[in-house]
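The values are calculated or read from the model by the stated rules, or taken from the named source; none is laboratory data. What you see is a predicted model, and the numbers here were worked out from it, not measured in a lab. Virtual Cβ from ideal backbone geometry, glycine too; neighbours counted across all protein chains shown.
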Amino acid sequence: MNNLRAIREMRGLTQKELADRINTTDVSVSRYESQDSRLNLPLLRQLANVLNVSVGQIVGERPLPSEVEKVRIPTGQKIRVDDTNPVPLLRWEEIEPWLGLTPSERRAKQSENIWTDQSVDENTFAIRLVDTSNAPEFNPEEVIIFKVMTPRPGDMVLAKRKGAIDCVFRKYRPLGPCSATGPVVCDLVPLNPDWPTIRLDGEHLGVIHAVMIEHRRYRKP
């Protein structure tokens with residue numbers, strides 16, 4: 001479900017007026033609003049610019065801000081655009097297979113996207129949390145955007161100990177100088193004290209897959 005119709009109406013535009021601004025027909029706008037026609041990335045960016053919202057707000061990934069009210073946008077007015085970078089939203093079981101793909105294979109893989117104004121690259125992905133290991137700061141159904149990069153002390157990371165079934169989302173606490181050739185030596189600390197700390201070292205080998213760069217909270221209805 002997208003918010004195109006709601007945003008258009010908040011801006012006080014008819015389908016014909018919006019169509020004129022994006023060089024299409026009111027019939028096409030109607031099909032976009034009813035989702036009979038798909039909104040591609042260039043069109044989403046054009047609509048975001050015309051309607052003075054982000055792509056994430058159009059596709060329903062981000063809530064509509066209070067500034068989006070029934071105010072007409074003068075034709076030709078230059079407007080900012082944000083949230084225009086797509087990030088694949090992966091299931092937990094898809095993380096390691098996805099990380100093993102080449103950039104071209106990742107681009108070819110069909111997946112649900114979320115949108116961000118963060119600087120992203122082909123090693124950026126998102127997951128939806130499923131447990132309470134870091135509650136109440138991080139809760140189930142909230143979305144975390146990760147980037148493959150070297151962690152710093154205190155970063156929230158996605159990691160996995162050898163032999164474990166699933167990756168974990170934890171706070172990174174190094175236990176000594178990092179070595180380019182030796183094993184990762186750190187504690188993976190949950191923010192919820194009811195969950196166990198996981199140690200990675202020479203006896204318990206593991207890998208840090210990625211570092212959190214954005215946390216999406218969603219207000220419950």
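Inspection of the range 162-179 finds a residue satisfying the criterion of being over 22 Å from ASN85 (Cβ atoms), in contact (Cβ under 8 Å) with a residue 60 or more places away in the chain and surrounded by fewer than 19 Cβ atoms within 10 Å (Cβ to Cβ). Applying the condition of being hydrophobic (A, V, I, L, M, F, W, C) and not in a strand (DSSP E or B) to the range 142-154 and asking which residue is nearest to TRP92 (Cα to Cα) yields VAL148. What do you reckon, is GLU96 acidic (Asp, Glu), under 26 Å from ARG170 (Cβ atoms) and in the same structural domain as THR150 (by TED's automatic domain parsing)? Spelling it out, GLU96 is indeed acidic (Asp, Glu), under 26 Å from ARG170 (Cβ atoms) and in the same structural domain as THR150 (by TED's automatic domain parsing). Among the criteria (1) of a type outside the set (D, E, K, R); (2) closer than 30 Å to VAL55 by Cβ; (3) touching a residue at least 40 places away in the same chain (Cβ under 8 Å), the one SER119 does not fulfil is (3). Residue pairs whose Cβ atoms lie under 7 Å apart, separated by 6 or more positions or on different chains, with the first residue in the range 3-26 and over 15 Å from ALA48 (Cβ atoms) and the second of a type in the set (S, T, N, Q), are GLN15/SER30; ALA19/THR25; ALA19/SER28; ASP26/GLN15.
Applying the criterion of being in contact with a Gly (Cβ under 9 Å, 6 or more places away or on another chain) and assigned to a loop (DSSP other than H, G, I, E, B) to the residues of the range 164-200, the residue that is modelled with the lowest pLDDT is GLY182.
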